[in-house]
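One structure below.
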2 protein chains.
Amino acid sequence: MLTKKTVNAFLDELASSSPAPGGGSVAALAGALGAALATMVCNLTIGKKKYADVEDDMKKIKAEAERLRTRFTELVDQDTHAFNKVMEAYGLPKDGDAQKALRLAAIREATKEATLVPLEVMKHCIDAMALAQQVASAGNQNSISDAGVSALMLHAACEGAALNVKINLNGLADSDFVGWKSDEVESLLKTSKIMLEETQSIIGEKMKRD
Amino acid sequence: MLTKKTVNAFLDELASSSPAPGGGSVAALAGALGAALATMVCNLTIGKKKYADVEDDMKKIKAEAERLRTRFTELVDQDTHAFNKVMEAYGLPKDGDAQKALRLAAIREATKEATLVPLEVMKHCIDAMALAQQVASAGNQNSISDAGVSALMLHAACEGAALNVKINLNGLADSDFVGWKSDEVESLLKTSKIMLEETQSIIGEKMKRD
């Protein structure tokens with residue numbers, strides 16, 4: 001598991017001449033960092049008298065943020081695994097028509113899978129952005145910049161995952177699948193951008209110098 | 001050292017009820033992830049016949065990206081350390097005028113230091129964004145999405161670090177320092193945004209479906 005490596009070892013493996021882990025795994029990791037920061041703001045809000053009114057909400061947000069963090073960390077590995085499967089498929093023998101057909105089918109299947117992993121990352125980013133927005137508005141005011149970094153990481157994760165969906169879609173001929181998924185990517189990107197802007201506006205207001 | 005922890009342990013510590021590490025360290029880590037991805041694209045370009053013309057450039061970019069990655073990983077710890085110093089200063093005794101004056105001076109010094117760390121992160125992000133842009137335009141075409149995720153991480157790191165500079169400036173009364181540093185933050189943010197847009201435009205062009 002990549003997330004069982006030290007941060008330095010993960011960075012070394014990322015920087016190495018092996019193409020995986022790459023941007024797809026980094027996008028999932030950025031999602032996990034964003035979710036962890038949302039949890040932190042909940043933890044710094046829960047139990048504080050000043051925030052007793054939002055205590056129950058913060059507990060719910062925390063549980064959801066932790067669920068998403070777990071899923072993001074799994075997706076760090078799944079993206080690398082899906083990429084390696086595509087590479088394996090390209091490496092299949094291609095002597096004769098039967099082998100060629102099998103190889104192409106394997107590439108198609110692996111590429112579809114490699115599209116679905118970052119697409120899942122994008123969807124979770126939107127869910128986690130909603131949590132970042134809630135902690136920015138109702139969480140501990142002292143942690144407002146942490147809520148902001150959470151939203152920034154989640155938006156970058158969403159945009160990074162989108163690049164990974166698109167590059168894989170470029171390798172597919174199935175025009176229905178490509179069309180549907182391209183529309184989905186554009187719609188998720190739009191949502192993420194709007195949510196980031198809303199959250200930044202909440203944070204900008206709260207961080208105004210007195 | 002935070003980067004000697006496993007990725008999972010780092011995420012756990014981030015999510016915990018301790019306010020540090022928080023968004024400032026995450027911004028520095030996002031910088032390290034962006035720099036590592038730029039190095040990866042260099043590594044996937046160097047030694048390839050098709051890219052022999054840019055080999056020397058890629059070697060230089062790689063050396064610079066690795067230098068920045070090392071600095072970013074140091075800044076992950078330095079941000080947490082600077083935050084803890086601010087908290088320690090707030091914890092100093094305040095019985096009598098002499099103690100009060102010493103405490104306020106300690107808070108002021110620690111808060112200035114906590115401003116300078118994320119400001120350094122922002123500057124390195126701009127330097128690393130220039131490298132991400134170069135690998136996007138001249139590096140291995142198969143790694144174009146990795147160059148894109150590199151630029152996205154660096155821009156999110158720059159914006160995240162800016163929030164940390166601003167929240168610390170809010171705690172300072174020295175209007176000259178606050179004015180200079182606020183201007184510097186706005187200028188760096190503007191540069192980062194322009195560089196991201198330029199890089200995204202290069203990448204969008206290269207990723208167009210044939």
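The values are calculated or read from the model by the stated rules, or taken from the named source; none is laboratory data. Quick caveat, the model's predicted, so the values are computed rather than measured. FYI the Cβ positions are ideal-geometry reconstructions off the backbone, even for glycines, and counts take in every protein chain you see. The accessibility values were calculated without ligands, DNA or RNA, using every heavy atom of the protein model including side chains. Shrake-Rupley method; radii C 1.70, N 1.55, O 1.52, S 1.80 Å.
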(request) Answer yes if at least one residue in the range B:133-151 is modelled with pLDDT of 95 or more, open to solvent by less than 30 Å² (accessible area, probe 1.4 Å), in contact with a His (Cβ under 6 Å, 6 or more places away or on another chain) and on the phi < 0 side of the Ramachandran plot, and no otherwise. (result) no
(request) Tell me, please, whether a residue that is more than 17 Å from the chain's Cα centre (by Cα), under 15 Å from residue B:119 (Cβ atoms) and not small (Gly, Ala, Ser) can be found in the range B:180-194. (result) yes
(request) Scan the range B:1-20 residue by residue and report those that are facing chain A (nearest Cβ under 7 Å) and of a type in the set (D, E, K, R). (result) B:4, B:5
(request) Please tell me if residue B:70 is within 28 Å of residue B:154 (Cα to Cα), among the hydroxyl-bearing types (Ser, Thr, Tyr) and open to solvent by 40 Å² or more (accessible area, probe 1.4 Å). (result) yes
(request) Among the residues of the range B:30-48, write down those that are touching a residue at least 40 places away in the same chain (Cβ under 8 Å) and open to solvent by 10 Å² or more (accessible area, probe 1.4 Å). (result) B:44, B:48
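Yes or no: residue A:106 within 21 Å of residue A:181 (Cα to Cα) and either surrounded by fewer than 19 Cβ atoms within 10 Å (Cβ to Cβ) or among the acidic types (Asp, Glu) (or both)?
The answer is yes for residue A:106.
Here is a yes/no grid of residues against (1) in a helix (DSSP H, G or I); (2) without any contact (Cβ under 8 Å) to a residue 12 or more places away in the chain:
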site: A:150; (1), (2): yes, no
site: A:156; (1), (2): yes, no
site: A:161; (1), (2): yes, no
site: A:172; (1), (2): no, no
site: A:180; (1), (2): yes, yes
site: A:187; (1), (2): yes, yes
site: A:190; (1), (2): yes, yes
site: A:199; (1), (2): yes, no
site: A:203; (1), (2): yes, no
(request) Please go through the range A:117-151 and pick out each residue that is among the aliphatic types (A, V, I, L, M) and either in contact with a Cys (Cβ under 9 Å, 6 or more places away or on another chain) or away from chain B (no Cβ under 12 Å) (or both). (result) A:117, A:119, A:121, A:122, A:126, A:128, A:129, A:130, A:131, A:135, A:138
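This table checks each residue for (1) open to solvent by less than 20 Å² (accessible area, probe 1.4 Å); (2) within 9 Å of another protein chain (Cβ to nearest Cβ); (3) within 22 Å of the chain's Cα centre (by Cα).
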| site | (1), (2), (3) |
| --- | --- |
| B:22 | yes, yes, yes |
| B:26 | yes, yes, yes |
| B:51 | no, no, no |
| B:74 | no, no, yes |
(request) Go through the range A:156-175 and give me each residue that's crowded, with 24+ Cβ neighbours inside 10 Å and more than 7 Å from chain B (Cβ to nearest Cβ). (result) A:157, A:158, A:161, A:162, A:165, A:168
(message) Anything in the range B:1-20 that is farther than 18 Å from residue A:25 by Cα and open to solvent by 40 Å² or more (accessible area, probe 1.4 Å)? List them, or say none.
(response) B:1, B:4, B:5, B:12, B:13, B:17, B:18, B:19
(request) Residue by residue through the range A:84-103, note down the ones that are open to solvent by 70 Å² or more (accessible area, probe 1.4 Å) and under 26 Å from the mean Cα position of the chain (by Cα). (result) A:85, A:87, A:88
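Condition check ((1) free of Cβ contacts under 8 Å to residues at least 24 places away in the same chain; (2) closer than 17 Å to residue B:84 by Cα; (3) of a type outside the set (D, E, K, R)) across all residues:
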site	(1), (2), (3)
B:100	yes, no, no
B:103	yes, yes, no
B:106	yes, yes, yes
B:109	yes, yes, no
B:124	no, no, yes
B:129	no, no, yes
B:133	no, no, yes
